[in-house]
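Before any comments, here is the structure.
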Amino acid sequence: MMQGTGAIQLSHMTLVVALLSDVGCQRGVNEDSALSEVPPAETVEAERKGTLVVVADGLGGHAGGDVASQMAAEVIRRVYYTSPSEPAEALREAFVEANHLIWETARRRPLLRGMGTTCTALAIRGWEAFAAHVGDTRLYLVRGGHIYQMTEDDSEVMEYVRQGRLSREAAERHPEKNILLKALGTKPTITPSFWEHPLRVSAGDRFLLASDGLHDLVTDGEIGAVLLDSPPDIACQRLVELAKVRGGHDNITVGVVWAAGSEVCLSD
């Protein structure tokens, strides 16, 4: 089990971050990866790029899924913070570079041939949020007591939804919903989905990044209720345990970011 917490004090806001990754109940290896980077307040990194959270899910059953997800997380962190671009473009550049390096690594190392990973990244700079995404890891936002899915799965079933051939409700129950159309490292080039314009963050917002090991087994409504009822570290634990109680057929990884009010005290 991998976990971590962190916090950064921004102007009139405390940003609290928690991560938790678990192998689940049926897999022998955890092919998910997660990381967060919380630069010290008032540093150049904090002012230019802010906080970064990444969740990546190596393709199950493929050689090197764990290698691909770890590469994606680390490359995205490195490129995001070293790029001179603004956050939206820096995230896009980071995903493109991660795809290239994973593809090239698999091409040079036969034992890793076919490896790939889904990935979602969230960056928060001041009161602005930026995101990029490939695959079926998801980003959710809980605001005003409601939960919103902020990414669309790059899957065959979601393509049916976009074409009007299937409802979103039916897509969630479809037996082929995990068949992906896009993942990092499976093709020499890729076009990630990313927010060209930032989302304005409001005090009290809660963001969740999650691999499909969670959202395959826990409904959006249940996720929203847990996030509203618990601080980030406890929310991560409760969500992982809920997925495991329901079978935990896959690795389960969650990252929670809470834009708390400035009156919140941080524990040591």
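Below, the figures for the structure above:
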{"item": "Residue in segment 41-61 that is open to solvent by 10 Å² or more (accessible area, probe 1.4 Å), in contact with a Leu (Cβ under 9 Å, 6 or more places away or on another chain) and over 30 Å from Asp205 (Cβ atoms) present", "result": "yes"}
{"item": "Candidate set from segment 16-38 (those that are of a type in the set (S, T, N, Q) and in a strand (DSSP E or B)); member that is nearest to Cys236 (Cα to Cα)", "result": "Ser21"}
{"item": "Residues (acidic (Asp, Glu) and under 20 Å from Ala46 (Cα atoms)) located in segment 83-111", "result": "Glu86, Glu89, Glu93"}
{"item": "Pairs where the first residue, in segment 228-245, is outside any helix (DSSP H, G or I) and the second is open to solvent by 50 Å² or more (accessible area, probe 1.4 Å), C-beta under 9 Å, 6+ apart", "result": "Ser230/Gln237; Ser230/Arg238; Pro231/Trp258"}
{"item": "Restricting segment 17-31 to residues that are of a type outside the set (A, V, I, L, M) and within 30 Å of Ile124 (Cα to Cα), the residue that is surrounded by the fewest Cβ atoms within 10 Å (Cβ to Cβ)", "result": "Asn30"}
{"item": "Residues that are under 17 Å from the mean Cα position of the chain (by Cα) and either hydrophobic (A, V, I, L, M, F, W, C) or part of a loop (DSSP other than H, G, I, E, B) (or both), drawn from segment 199-216", "result": "Leu199, Asp205, Phe207, Leu208, Leu209, Ala210, Ser211, Leu214, Asp216"}
{"item": "Residue tally, condition under 23 Å from Thr151 (Cα atoms), among the aliphatic types (A, V, I, L, M) and not in a helix (DSSP H, G or I), over segment 39-82", "result": "6"}
{"item": "When residues of segment 221-246 are limited to those that are among the charged types (D, E, K, R) and more than 24 Å from Ser33 (Cβ to Cβ), the one least open to solvent (accessible area, probe 1.4 Å)", "result": "Glu222"}
{"item": "Residue in segment 248-255 that is outside any loop (DSSP other than H, G, I, E, B) and open to solvent by 10 Å² or more (accessible area, probe 1.4 Å) present", "result": "no"}
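The values are calculated or read from the model by the stated rules, or taken from the named source; none is laboratory data. What you see is a predicted model, and the numbers here were worked out from it, not measured in a lab. As a convention, Cβ positions derive from the backbone with ideal geometry for all residues, glycine included, and neighbour counts pool all protein chains shown. Just the protein is used for accessible areas: all its heavy atoms, side chains included, with ligands, DNA and RNA removed. Shrake-Rupley method; radii C 1.70, N 1.55, O 1.52, S 1.80 Å.
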